[in-house]
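Input: a single structure, listed below in structure tokens.
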Amino acid sequence: MKVVFDNVSKHYGSITALKNLNFKVNSGEFLFIEGPSGSGKSTVLKLILHQIHPSNGKIYINDLDYTKCKKTEIESIRKNIGVIFQNYQLISDKSVEENIALNLEIIGIPDYQIGSRIEDVLKKVNLLSRRHLFPGQLSGGELQRAALARALSVEPKLILADEPTGNLDVDNAWNLLKLFKQINEKSGTTIIMTTHNQEIIKSLNKRTIYLKDGEIIKDSIKNHEKS
């Protein structure tokens, strides 16, 4: 899934969260968005999710003008996006597999497909034996892998990960990063990840956009060409 920001700004009253952002993420690319708190990282993800709208400029998803899409087109795009948050956002009174099932039901996956999808994604994240446990019974690393399984269950073309390693210890952070790398390389899934972790960024040698005060200060493309 390709994402293009064309001169995008976002204002909240007198506060400018983003200012004239221009960048393109090609299908199958792995992009880090780095920057201090308040730099606009999460705002970028919310715009891609269509949770908020740009004050100025245009956003294109697979060459569709996201700012002018019909509701059905937006829903179709949204079904192909998997999202992972730092605080997991799993429903506490539902088991791991129930959390995933609910996600699939929301996007309209037929009941007969849900069981096999759950099993498949839990195998991928090595969490099959924990499928009947509730979020409160899982470790931090297991919670984030459960959140990743939920995101993968929709068979996304794009994964948005908002500080996914922020609450994890070093070992669990690296294990999660390996999963993201495998998903990107084996499935060609576009990944956009916000992070503060310099070690993670350096280890993958991927393109990094650095935001400060809502502006792109640096766009470092490694092993890629700008286009």
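Assorted remarks:
- Radius ratio Rg over Rh of the range 89-155, counting only Cα atoms, Kirkwood formula for Rh: 0.92
- Cα extents for the chain along the principal axes, largest to smallest and rounded to whole angstrom: 46, 41, 35.
- Between the range 154-227 and the range 54-116, the alpha-carbon center distance in angstrom: 20 Å
- Geometric extent, Cα atoms of the range 1-63 - Rg, Dmax (angstrom): 11.4, 36
- 5 angstrom amide H check on LYS19, placed H, neighbours 5+ away: LYS10, GLU215
- SER153, SER37, SER76 arranged by Cβ crowding within 10 Å, fewest neighbours leading: SER37, SER76, SER153
- Low-density loop positions, trypsin sites (Lys or Arg not before Pro), the range 52-111 - DSSP coil, at most 16 other Cβ in 10 Å: LYS68, LYS70, LYS79, LYS94
- The helix-based estimate of mean residue ellipticity at 222 nm for the chain, built from -39,500 (n - 2.57) per DSSP H run of four or more residues and divided by its residue count, is -10500 deg cm²/dmol to the nearest 500.
- Computed from the C-beta positions of PHE134 and GLU75, the FRET efficiency with R₀ = 30 Å rounds to 0.50.
- Average Cα contact separation per residue, the chain, under 8 Å, 6 or more apart, as relative contact order %: 29 percent
- Label-to-label distance, nm, for residues given as ASN56 and ASN20 (7 Å Cα→Cβ offset): 0.8 nm
- Cα pair distances exceeding 14 angstrom across the range 157-227, given as percent: 65 percent
Since every read-out is calculated from the coordinates, none of them should be taken as a lab result. This structure is a prediction, so every number in the text was calculated from the model and none was measured. Positions of Cβ are backbone-derived with ideal geometry, glycine not excepted, and every protein chain shown enters the neighbour counts.
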